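Take a look at the structure set out below.
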Amino acid sequence: MALFRCVWSVLSALGKSGSDLCAGCGSRLRSPFSFAYVPRCFSSTANSYPKKPLTSYVRFSKEQLPIFKAQNPDAKNSELIRKIAQLWRELPDSEKKIYEDAYRADWQAYKEEINRIQEQLTPSQIVSLEKEIQQKRLKKKALIKKRVKLKTINENWKNLSSSQKQVYIQLANDDKIRYYNEMKSWEEQMMEVGRNDLLRRTVKHQRKVDTEEY
């Protein structure tokens with residue numbers, strides 16, 4: 001579970017520019033780059049509310065992930081994260097300090113931006129904003145929980161025998177046939193009352209072809 005959260009946090013942090021981080025890297029580590037703090041708008045109460053800056057380790061992982069992925073294209077992300085974690089543990093303190101200093105600088109900017117925004121808000125707006133942030137956090141936790149559950153279901157399915165799987169496959173096929181028949185009956189009713197706009201595109205196209213041939 002801890003590994004899953006770690007992978008999730010790193011992948012969430014990896015933006016579109018992640019692939020660019022690998023370009024031109026000729027050694028184990030790239031030269032220190034700017035970890036610019038960019039406020040992220042996600043609240044209707046405040047026009048711009050900052051997102052917490054990445055920790056030093058997540059910053060390091062964000063930089064290293066595309067490099068490791070390019071070197072190991074067939075490896076799973078969980079395996080790459082383990083390798084990155086090992087590399088971080090072995091990293092000299094002098095190199096870790098680059099990421100730690102960047103984090104502290106961005107954290108200071110984050111706190112200053114939070115204070116600036118809160119000074120402009122009324123008490124009711126602050127309460128509304130806090131509720132919205134809490135709701136987003138709960139939604140994110142629910143999403144992670146759902147992903148874990150789906151992963152468990154997927155593993156259970158893989159462990160079923162062919163005969164056990166066939167039972168569910170047959171049920172799915174039966175549902176598919178039932179759905180097709182019910183949809184066909186409903187669309188015929190819609191055509192009778194002149195509601196062709198509710199038909200599926202494939203049905204509309206077939207009716208058009210039939211009309212032209214006729």
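The values are calculated or read from the model by the stated rules, or taken from the named source; none is laboratory data. Quantities reported herein were computed from a predicted structural model and do not represent experimental measurements. Quick reminder, even Gly has a Cβ in these numbers, built from the backbone with ideal geometry, and neighbours come from all protein chains shown. For the accessible areas, the whole protein counts, side chains as well, though only heavy atoms, and no ligand, DNA or RNA atoms are used. Shrake-Rupley method; radii C 1.70, N 1.55, O 1.52, S 1.80 Å.
General observations
- In segment 142-158, the residues that are of a type in the set (Gly, Ala, Ser) form no Cβ pair under 9 Å with any partner that is open to solvent by 90 Å² or more (accessible area, probe 1.4 Å), whether six or more places apart or across chains.
- Among the residues of segment 134-142, not a single one is surrounded by 13 or more Cβ atoms within 10 Å (Cβ to Cβ) and either in the same structural domain as Leu54 (by the TED database) or not aromatic (Phe, Trp, Tyr) (or both).
- Single unsatisfied condition, Asp197 versus (1) over 30 Å from Ile153 (Cβ atoms); (2) at pLDDT 90 or above; (3) within 37 Å of the chain's Cα centre (by Cα): (2)
- Lone unmet requirement of (1) touching a helix residue (DSSP H, G or I) at 6+ places or on another chain (Cβ under 9 Å); (2) modelled with pLDDT of 90 or more; (3) open to solvent by less than 60 Å² (accessible area, probe 1.4 Å) for Pro92: (1)
- Unmet criterion (only one of (1) out of contact with any helix residue (DSSP H, G or I) (no Cβ under 8 Å at 6 or more places or on another chain); (2) modelled with pLDDT under 50; (3) surrounded by 12 or more Cβ atoms within 10 Å (Cβ to Cβ)) for Ser27: (3)
- So Leu91, is it assigned by the TED database to the domain that holds Lys51 and in contact (Cβ under 8 Å) with a residue 24 or more places away in the chain: yes
- Test: residue in segment 129-137 that is modelled with pLDDT of 85 or more and under 19 Å from Thr55 (Cβ atoms): yes
- Subset of segment 98-113 (residues that are surrounded by 14 or more Cβ atoms within 10 Å (Cβ to Cβ) and either over 16 Å from Ser61 (Cβ atoms) or within 27 Å of the chain's Cα centre (by Cα) (or both)): Tyr99, Glu100, Ala102, Tyr103, Asp106, Trp107, Ala109, Tyr110, Glu113
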